[in-house]
Amino acid sequence: MKKIVTLTALLCTVGISMCIAQTPKTTKGLKDYYDKYFYMGVAVAPQNLNGPQADLILNQFNSLTPENAMKVGPIHPRENEYNWRDADSIVNFAQHHGLRVRGHNLCWHQQNPDWWFKDSTGKQATKELLYKRLHDHIFAVMKRYQGKIYAWDVVNEAIDDNPDNFLRNSLWYQICGDEFITKAFEYAHEADPKAILFYNEYNTERPEKMERTYKLMKKLVDAKVPVQAIGLQAHWSIYEPSAAELRTTIQKFASLGLKVQITELDISIFPWEKERRALRPGETFEYTPELQQKQIDKYKEVFAVLRENKKYVTGVTFWNISDQYTWLDQYPVRGRKNHPLLFDEKLQPKKVFYEVVNFKK
Ligand code: XIL
């Protein structure tokens, strides 16, 4: 009898400690460690909002960005039809749990519905038609969530990838010239005067892209276009940006009177590439201890610079929750597993998580 009791006790102890080891919660979350610094956010899809992923979100973050649900294609699939379901479910979840929401996005060259740039006869839309659509779209979406979304990425990625050019030669640009950027901000400000309006861009820390982005922002600010902040997407890697590049970028935009947010943070274990490509024969993608250490170093460096600049930086949003799913598993190389976030494939905090929250307040 005694033996059975001891054995049961032993099994219970092992069982309990296994349970503890599998619980994804740390007692404090990123949002608590950083409460004197900035909002801590994460990009989500409706399917993330229940079960262990929802627990992790609520434990760690105080801000949400819909990863895709508010882009023009998903939310406005046909001219006279909006699809509010996914966006509503994210905003409702946020309201229910007291999280803030960043809207993403209102005007972009990607993920638009097929009908957007065409008129009713199938020809390319005129500038007038596009402005009417943009106006009506912005009013419909922003008014629906007015008071529930505190900040919007109004224009996304308008600058060209080629350093020799200024603005991207998108259909927006081809049809409207650079004026579409101003229009989008004016409509957005009119639709919800209280929303904080962002221009959102990637690779902003590379010196030449920073110069071009600065040129655009200065032009908008000088012309009194209602833009209040810049989003640095921060699809970074273990190789870039340097601390100095990040510091200079933040301070340069702050000098224009703009607030800064990190809007789509992930730190890839591979060098940045733009074009999609297949996996090369023999190409490996192991998450080696060396890569893990490089990632820790880069995350620590980045967060030290962000804390140093807390006067200007008002929010940091991660692009996806954990390494269980990241858009970088499919982009730019389909099927190449990446590990860019602070939580692992089992939703557990990685070593890098503890490094990011280990600082003197
Ligand atoms: C990405 C999403 O994460 C993917 O699910 C989607 O297939 C493509 O778009 N810059 C942006 C984001 O502003 O909207 C993009 O999100 C990533 C790059």
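The values are calculated or read from the model by the stated rules, or taken from the named source; none is laboratory data. All figures in this text were calculated on a predicted structure; none of them were measured in a lab. Glycine gets a Cβ as well: all are built from the backbone with ideal geometry, and neighbour counts include every protein chain shown. Accessible surface areas use protein heavy atoms only, side chains included; no ligands, DNA or RNA. Shrake-Rupley method; radii C 1.70, N 1.55, O 1.52, S 1.80 Å.
So the values come out like this:
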quantity: Residue within the range 305-313 that is under 15 Å from GLU67 (Cα atoms) and surrounded by fewer than 18 Cβ atoms within 10 Å (Cβ to Cβ) present; calculated: no
quantity: Output for the range 117-148, where each listed residue is away from the ligand (no atom under 16 Å from the Cβ), within 30 Å of VAL42 (Cβ to Cβ) and surrounded by 19 or more Cβ atoms within 10 Å (Cβ to Cβ); calculated: LEU134, HIS137, ILE138, MET142, TYR145
quantity: The one condition in (1) within 16 Å of the ligand (Cβ to nearest atom); (2) in contact (Cβ under 8 Å) with a residue 60 or more places away in the chain; (3) assigned to a strand (DSSP E or B) that HIS109 fails to fulfil; calculated: (3)
quantity: Count of residues meeting criterion [in a loop (DSSP other than H, G, I, E, B) and at pLDDT 95 or above] in the range 336-361; calculated: 15
quantity: Failed item, numbered, when GLN324 is tested on (1) of a type in the set (S, T, N, Q); (2) away from the ligand (no atom under 12 Å from the Cβ); (3) surrounded by 22 or more Cβ atoms within 10 Å (Cβ to Cβ); calculated: (3)
quantity: Every pair of residues 6+ apart whose Cβ atoms lie under 7 Å, when the first sits in the range 154-174 and is open to solvent by 30 Å² or more (accessible area, probe 1.4 Å) while the second is away from the ligand (no atom under 15 Å from the Cβ) and not in a loop (DSSP other than H, G, I, E, B); calculated: PRO163/GLU208; PHE166/ARG212; TYR173/LEU167
quantity: Residue check, ARG336 surrounded by fewer than 17 Cβ atoms within 10 Å (Cβ to Cβ), within 16 Å of the ligand (Cβ to nearest atom) and over 19 Å from the mean Cα position of the chain (by Cα); calculated: no
quantity: Number of the condition not met by ARG280 [criteria: (1) more than 26 Å from PHE343 (Cα to Cα); (2) within 16 Å of the ligand (Cβ to nearest atom); (3) not polar (S, T, N, Q)]; calculated: (2)
quantity: Test: residue in the range 26-33 that is more than 18 Å from the chain's Cα centre (by Cα) and under 28 Å from GLU201 (Cβ atoms); calculated: yes
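Residue-by-condition table, conditions (1) open to solvent by less than 10 Å² (accessible area, probe 1.4 Å); (2) within 26 Å of PHE185 (Cα to Cα); (3) modelled with pLDDT under 95:
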{"residue": "THR13", "(1), (2), (3)": "no, no, yes"}
{"residue": "ILE16", "(1), (2), (3)": "no, no, yes"}
{"residue": "THR23", "(1), (2), (3)": "no, no, yes"}
{"residue": "THR26", "(1), (2), (3)": "no, no, yes"}
{"residue": "TYR37", "(1), (2), (3)": "no, no, no"}
{"residue": "ASP88", "(1), (2), (3)": "no, yes, no"}
